[in-house]
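Worksheet for the structure shown next.
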Amino acid sequence: MLARLQTFSLVGIDAVPVDVEVDVSAGGLPATVLVGMPDAAIRESTHRVARAMVNSGFNRPNDRIVVNLAPAELPKQAATFDLPITLGILAGSGQFSSQRLQDYAVVGELSLEGSTRPARGVLSIAMAAACRRRERLLKGVVVPTANATEAAVVEGIDVIPVSSLAEAVGFFSGDLQIAPAPPRVAEWFDRFATYDVDFADVRGQEAAKRALCVAAAGGHNCLMVGPPGGGKTMLAKRVPTILPALSAAESIETTRIYSALGLLQPGQPLLATRPFRAPHHTISEAGLVGGRSVPMPGEISLAHNGVLFLDELPEFHRRTLEVLRQPLEDGAVTISRVKQTTRFPADFMLVAALNPCPCGYRGDPRRQCQCTAPHVEKYMGKISGPLLDRIDIHLEVPAVPFRELASKRSGTSSGQLREAVLAARLRQAERFGACGTHSNARMTSRQIREHCRLDQPAAELLRAAVADLGLSARAHDKVLRVARTVADLDASDAMGAAHISEAINYRLLDRGLWQ
Ligand SMILES: Nc1ncnc2c1ncn2[C@@H]1O[C@H](COP(=O)(O)OP(=O)(O)OP(=O)(O)O)[C@@H](O)[C@H]1O
Ligand SMILES: [Mg+2]
């Protein structure tokens, strides 16, 4: 007898529909044959499937079983085929019959005793299932109980949780009624949409907070330079807290990536805050941007809609950093491999940090710097030029004086900064409308000419800066973009000398102060 079921395979972070056909026929040697490009993990599943069937009280047919996974050319590599294959064998050998097999897709790994195990990428699977429901090809999707809340985030599809093979058979044969898992997106957002850090925790450093506020307001990448222990890491960790709240659509985009990599925390099926990723400087190229033989997302995609923090920037391999150029421009990364080309979202704000010299104390009035000029030059020269080109704001984070550290007065909080960021972002949304640019940082040269008109003193100041500091044409445009954001924070359409002057201040490295 032939049984047909629908399931999904994860390709990168996308779920693709797969048909499972199972033919159980008497005659020939008893064996299970898998066809349709299953990888080793799926081949192994035949042993699990056999034990799960017997341990759940069903018969393992003593016949020839052929399992076909179609389309054949699609690489298939997850263990989520256990449950559909087992159900196919049981239906194909007449142990239950069901009309529902056409209406519900099935995913899930099985343990030897027949209980379901959580699978990776169930959010993407539910999204793909919802598409098929709109095409009237499906009513719902049967998933392991542990994944039900994650799948139920997607609207417009019935998510049926099953904790074991026996429950799945009960559901399909109609002996067991299982209610679809209720969507609880609003509840997850209420519960998880708060950060456990706040800018109020940082004593002093008001100038750095202001610079980070400008960066967050205009979507500018930024770089912090300062001595060890000055609070760079502490400040960077708090940048997500002043960005606009994560929208439901953004949350699903980012959660999908964590789900595909199996990185969702148990009990938290949805990311409700912006991610903060701080990969170590020894990270490989593939770890940072994604890769492996079958492409999987890397750190920059895990930072999608949030912040990527590169601490100790000069310690990263130059080549590793240079692969960031394309994603920083496009907000996505494209990975080509022999088998396939994949595109992963990677729209993040870059925050980098470094010490001013190898010993870390250059320019610190309280400590003697041990480094010679060539040492410093070599250290700074390790930062990739093309990456530096994509950073608009350089800020100095000096050591905090004891008086400020000991002060009881808490400084500017994340709430205050976020309010300013939101107002400035609103002005940008009105300015750019639907033209594809969303932030000042992404303004094209033409938009700079249109939106950054300077009054006489401002133009004079910029001219002097270009001449005296030797700012390049690129740095000149960066100053204008940042000054536009400073003016937006000031609720001003006009751009004056104060706005330009603050923006010039954020060109620390161009000003040659550390060379
Ligand atoms: N402004 C500050 N207010 C309160 N605590 C601070 C401040 N600056 C530093 N600290 C304390 O010092 C610790 C070290 O700071 P942090 O790790 O952010 O420094 P850093 O600049 O990143 O240093 P490094 O260059 O060594 O990485 C923090 O965990 C915090 O406890
Ligand atoms: Mg640090």
query: Going by the conditions given, is Glu404 at pLDDT 90 or above, surrounded by fewer than 18 Cβ atoms within 10 Å (Cβ to Cβ) and assigned to a helix (DSSP H, G or I)?
result: no
message: Return the residues of segment 119-166 that are among the charged types (D, E, K, R), more than 20 Å from the chain's Cα centre (by Cα) and not in a helix (DSSP H, G or I); say none if nothing qualifies.
response: Glu135, Arg136, Lys139, Glu155, Asp158
message: Going by what's in this entry, would Asp196 be described as of a type in the set (D, E, K, R), within 16 Å of ligand 1 (Cβ to nearest atom), farther than 15 Å from Gln416 by Cα and surrounded by fewer than 19 Cβ atoms within 10 Å (Cβ to Cβ)?
response: yes
- prompt: What is the number of the single condition among (1) touching a helix residue (DSSP H, G or I) at 6+ places or on another chain (Cβ under 7 Å); (2) within 16 Å of ligand 1 (Cβ to nearest atom); (3) touching a residue at least 60 places away in the same chain (Cβ under 8 Å) that Ala236 does not meet?
  reply: (1)
- prompt: What is the residue count in segment 24-38 for residues that are within 35 Å of the chain's Cα centre (by Cα) and exposed (fewer than 14 other Cβ atoms within 10 Å of the Cβ)?
  reply: 1
field: Selection within segment 451-496 - open to solvent by 50 Å² or more (accessible area, probe 1.4 Å), assigned to a helix (DSSP H, G or I), within 20 Å of Gly218 (Cβ to Cβ) and at pLDDT 90 or above
entry: Leu461
- prompt: With Arg325, Arg337 as the choices, which residue is in contact (Cβ under 8 Å) with a residue 24 or more places away in the chain, more than 25 Å from Ala216 (Cβ to Cβ) and surrounded by fewer than 22 Cβ atoms within 10 Å (Cβ to Cβ)?
  reply: Arg337
task: Any chance you could count how many residues in segment 1-57 are part of a strand (DSSP E or B), more than 26 Å from Ser115 (Cβ to Cβ) and out of contact with any strand residue (DSSP E or B) (no Cβ under 7 Å at 6 or more places or on another chain)?
output: 2
query: On the given criteria, is Thr320 under 30 Å from Ala248 (Cα atoms) and open to solvent by less than 30 Å² (accessible area, probe 1.4 Å)?
result: no
message: From the list Ala420, Ala491, Ala475, Ala424, exactly one residue is in contact with an Asp or Glu (Cβ under 9 Å, 6 or more places away or on another chain) and within 30 Å of Leu246 (Cα to Cα). Which is it?
response: Ala424
field: Looking only at segment 233-249, and only at residues there that are open to solvent by 10 Å² or more (accessible area, probe 1.4 Å) and within 16 Å of ligand 2 (Cβ to nearest atom), the one that is farthest from Glu187 (Cα to Cα)
entry: Thr233
message: So His281 ticks every box in (1) crowded, with 19+ Cβ neighbours inside 10 Å; (2) within 16 Å of ligand 1 (Cβ to nearest atom) but one. Which box is left unticked?
response: (1)
query: Would it be correct to say that Gly287 is open to solvent by less than 50 Å² (accessible area, probe 1.4 Å), more than 16 Å from ligand 2 (Cβ to nearest atom) and either on the phi > 0 side of the Ramachandran plot or touching a Leu at 6+ places or on another chain (Cβ under 7 Å) (or both)?
result: no
task: Give the residues of segment 384-401 that are modelled with pLDDT under 85, more than 16 Å from ligand 2 (Cβ to nearest atom) and part of a loop (DSSP other than H, G, I, E, B), sorted by residue number.
output: Ser384, Asp389, Pro401
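The values are calculated or read from the model by the stated rules, or taken from the named source; none is laboratory data. Values in this document were obtained by computation on a predicted structure and should not be read as measured data. As a convention, Cβ positions derive from the backbone with ideal geometry for all residues, glycine included, and neighbour counts pool all protein chains shown. Areas reflect the complete protein model, heavy atoms only, side chains present, ligands, DNA and RNA absent. Shrake-Rupley method; radii C 1.70, N 1.55, O 1.52, S 1.80 Å.
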